[in-house]
1. Compute the signed sum of charges (Lys and Arg +1, Asp and Glu -1) over the other residues within less than 11 Å, Cβ to Cβ, of Glu121.
2. With r defined as the distance between the Cβ atoms of Val101 and Thr71 and R0 fixed at 30 Å, what FRET efficiency is calculated, to the nearest 0.05?
3. Of Glu123, Glu104, which has the most accessible area and how do the rest follow, probe 1.4 Å?
4. First select every other residue whose beta carbon is under 11 angstrom from the beta carbon of Ile85; then total the charges, Lys and Arg +1, Asp and Glu -1.
5. Using a 1.4 Å probe and ignoring any ligands, DNA or RNA, find the accessible area of Ile85 and quote it in Å² to the nearest 10.
6. With an 8 Å cut-off on Cα pairs and a minimum separation of 6 or more residues, tell me the relative contact order of segment 62-132 in percent.
7. Run the numbers on the chain and let me know its relative contact order in percent, using alpha-carbon pairs under 8 Å that are six or more apart.
8. Determine the gain in length on full extension of the stretch Thr90-Met13; use 0.36 nm per residue of separation and subtract their C-alpha separation, reporting nm with one decimal.
Amino acid sequence: MKSNDKILIIGAMIAGMIGLAAIIGFVGQGNVRHVDIFWAETVEQTIVFEDINGITEVRGVKGIKGDINPTLFSRTSFAYILTVINNGTTLHRLYIDGFNVQTELLEPGQQDTITIYPDKEGEFTYYDKRQDLWPLGKIKIVSVVPSDDFQGIWKDLI
């Protein structure tokens, strides 16, 4: 074998190893998939209107503790899906100040779902909106950011 042939073979082997590493890196990052692995990020909660002794109250059913007029929480950049059920004896409509969204006027036994896409942090009041606004509770929108204490992948794994 001539020395030019040896150099050509060694160069081809090095190029092949670099090409294999590039393919593994590209595929390993999730760039080659037959299905989408990322789901839409959502926060889903359900609340119910109740009329107790003539006083309107809201209770959490799903995704919220069952306290009276609970504080609702969501994150920025997440779709917030809120299902509202009227278990009361009168008409109710949920209105969220700051987002200017509201449910339909719900008769007893009816339900409605509203979706909000919060883009800013804050604390907003939700109301029972029939003829007047009756404040019931708060909804807090927060931003969740990664920790500033990142020490590198190997130190975080230990």
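1. Details: positive: Arg75, Lys120, Lys140; negative: Asp119, Glu123.
My count for the surroundings of Glu121 gives +1.
2. Values: r = 18 Å, r/R0 = 0.59.
Result of the calculation: an efficiency of 0.95.
3. Ranked list, largest accessible area first: Glu104, Glu123.
4. Counting the neighbours of Ile85, the net charge comes to 0.
5. 40
6. After rounding, I find 36 percent.
7. The value is 18 percent.
8. Working: separation 77, 0.36 × 77 = 27.72 nm, distance 7.89 nm.
Fully extending the segment from Thr90 to Met13 adds 19.8 nm.
The values are calculated or read from the model by the stated rules, or taken from the named source; none is laboratory data. Only a predicted model underlies this, so the values are computations on that prediction, with no experimental measurement involved. No Cβ is skipped: glycine too gets one built from the backbone with ideal geometry, and neighbour counts run over all protein chains shown. Side chains are part of the model used for accessible areas, which takes the heavy atoms of the whole protein and leaves out ligands, DNA and RNA. Shrake-Rupley method; radii C 1.70, N 1.55, O 1.52, S 1.80 Å.
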